[in-house]
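The numbers here are math on the coordinates, done by the rules we state, and not lab data. Given the structure is predicted, the values throughout are model-derived calculations rather than measurements. Glycine gets a Cβ as well: all are built from the backbone with ideal geometry, and neighbour counts include every protein chain shown.
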Amino acid sequence: MSASDKIKNTAEEAVGKAKEAAGKLTDNERLEAEGKADQAKANLKQAGENVKDALKD
């Protein structure tokens, strides 16, 4: 996995965590769910990159 992909995935996960926290603070269920979805998307991308790296070895 390239370093830039890892940084992008980490940033996307951080944004998701921030959205989730903001949603919890404001009782905004939609924003909270969107944050959780962003985190799941970032984690899925990370897992895909890890699989690619494992296959290269």
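Structural remarks
- Lysine pair number, Cα distance threshold 15 Å (strictly under), the chain, separation 8 or more or different chains: 12
- Taking 25 °C and 0.890 mPa s as conditions, segment 3-56 diffuses translationally at an estimated 213 µm²/s according to Stokes-Einstein applied to its Kirkwood radius (Cα pairs).
- Helical contribution to [θ] at 222 nm, DSSP H n ≥ 4, -39,500 (n - 2.57), averaged over the chain, rounded to 500: -32500 deg cm²/dmol
- Counting Lys and Arg as +1 and Asp and Glu as -1 over every other residue whose Cβ lies under 12 Å from the Cβ of GLY35, the net charge comes to -1.
- Helix axis angle, 3-26 relative to the chain longest principal axis, alpha carbon, degrees: 20 degrees
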